[in-house]
Ligand code: SF4
Ligand code: SF4
């Protein structure tokens, strides 16, 4: 018998892939080809169907209405005001609704900021670091950097105190500048919530030269539809070990400053949950997935935001209620494949409890013994998870004793010298990661 999940996460795309920027690494721009001739605007009727079904389908008191794109603010403020009216019309008295929106920030003004504040939106703002690093790939249709416009939008949010979560992609241009990036967010922007998202642009040997130019159709002419295929990566893609080192450098900075309990970095929070024996709350590091789906502007429901492609279209919510599509055998198998397709190398890995092989979309390399299906980012994940192991154990211990994890940095500082004093730069790191000390705990 089909059992439906009590809760799930749905990213809704009211403008489909349409965006007012033209970021070079954005795989989603090419999705325009899935709907030729479409206006890409969610109609009022569809908005109501979506909100009603979302609320009906949840058996938990908390429901999240999550907007994403493309660039959702291109729908205009009235669309979102209407969505709040519809939530109020359809929610059960016991349901609490939280709103999130992911935006590039360039259209934000006082009116948007006041609306977000009034309705307690959590705004995910895409920023890749200070100007030079942000503008490396986050450009508009003319190829001009978007930094000033994004910061102007952010200032409106900051002025009225909207909760902001910075979404920072890590790629070839900023992977070598972790401290510059983190300090910019913490010290210049003053944000408390930060997510780092590795850019892995997977492609085939044949498409690689074209893919290296970027996925935009508008600025660069005819592009292919981006699908999860191939085992090559573009020149903007983050290097796996550099990604691990990036996270380690930010982690050390976070620990060495009074940031624990003040600045929340998603990778660290999720890791602490895993070390503490709780669900990580992030699909990529969960054992199975399949409860983070994507809804297109016309009601088409896809298995995941990263699989908006014909083979992963579950159906349209005007024909079949979304909960039936989410509970379908097909979607269940999609989610379980994350666990069931792990190579032996992952099954034997000592940090598997925290990593679970990462996202299946990035599992396109071979293990050292030649088995397919290893995550492209594995080397970075190994570095990072092994590096944070002693501190995570300590934080989990503190939590068990009813103390705050923010006590950890002082305790760690007392032991750090003796733990690592004897390690030579080219010797294996004492933490047991298997990497050289200079690339692990000895990272600059
Ligand atoms: S495929 Fe990847 S991004 Fe999509 S739900 Fe699964 S783990 Fe998450
Ligand atoms: S660190 Fe690598 S080997 Fe270990 S579970 Fe993650 S992807 Fe697999």
* **For the range 47-155, radius of gyration divided by Kirkwood radius, i.e. Rg to Rh on alpha-carbons** => 1.05
* With the convex hull built on the Cα atoms of the range 282-419, state its orientation-averaged projected area in nm². => 11.7
* Folded to 0 to 90 degrees: helix 408-420 orientation relative to the chain principal axis, Cα -> 40
* To do: Please sort 176-182, 382-388, 329-335 by packing, taking for each peptide the average over its residues of neighbouring beta carbons within 10 angstrom, highest first.
  => 382-388, 176-182, 329-335
* Computed over the range 142-202, Kirkwood Rh from alpha-carbon pairs, angstrom -> 13.0
* DSSP-defined beta bridges in the chain - what % are antiparallel, rounded to 5 -> 25
* Structure fact -> Note on the range 107-256: alpha-carbon gyration tensor, axes a ≥ b ≥ c; rule is a/c under 1.5 for rounded, else prolate if a/b larger than b/c, else oblate; result oblate
* If the convex hull of the alpha-carbon atoms of the range 210-268 is projected onto planes in all directions, what is the mean projected area in square nanometres? -> 6.2
* the range 178-232 to the range 98-174: how many Å between their Cα centroids? -> 16
* To do: Return the Cα extents of the range 224-360 along principal axes one, two and three, sorted largest first, each rounded to a whole Å.
  => 54, 35, 34
* To do: As a check on your grasp of the helix formula, calculate [θ] at 222 nm for the chain: sum -39500 (n - 2.57) over DSSP H runs of n ≥ 4, divide by the residue count, round to the nearest 500.
  => -10000 deg cm²/dmol
* Structure fact -> Between residue 163 and residue 183, the two model label points (7 Å from Cα along the beta-carbon direction) sit apart by a distance in nm of 3.0
* Asked: Separation of the range 337-404 and the range 287-336 by C-alpha centroid, Å?
  -> 26
* **At 1.306 mPa s and 10 °C, Stokes diffusion of the range 330-405 via Kirkwood alpha-carbon radius, µm² per second** => 115
* In the chain, how does Rg compare with the Kirkwood Rh, expressed as the Rg/Rh ratio over alpha carbon atoms? -> 0.95
* Asked: For the range 1-76, what class follows from the C-alpha gyration tensor (a ≥ b ≥ c being the square roots of its eigenvalues): rounded when a/c is under 1.5, otherwise prolate if a/b is larger than b/c, else oblate?
  -> prolate
* Structure fact -> The answer for the per residue Cα convex hull volume of the range 230-300, in Å³, is 189
* Asked: Counting only the backbone N, which residues of the range 23-57 are under 20 Å from the spot 7 Å out from the Cα of residue 311 toward its beta-carbon?
  -> 27-35
* Computed lengthening from residue 142 to residue 92, 0.36 nm per intervening residue step minus Cα-Cα distance -> 13.3 nm
* To do: Take the Cα radius of gyration of the range 70-127 and divide it by 2.2 N^0.38 Å, with N its residue count; two decimals is plenty.
  => 1.17
* Asked: How high is the FRET efficiency from residue 45 to residue 347, r the C-beta distance, R0 56 Å, rounded to 0.05?
  -> 0.70
* To do: Determine, for 80, 115, the number of other Cβ atoms within 10 Å of each Cβ, and report the residues in order from fewest to most.
  => 115, 80
* Separation between the residue 401 and residue 371 pseudo-spin-labels, each 7 Å from Cα along Cα→Cβ, expressed in nm? -> 3.9
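We did not get these values from a lab; they are worked out from the coordinates using the rules stated. The shown structure was predicted, so the numbers you read here are calculated from the model rather than taken from an experiment. Because the Cβ atoms are built from the backbone with ideal geometry, glycine has one as well, and the counts that use them run over all protein chains shown.
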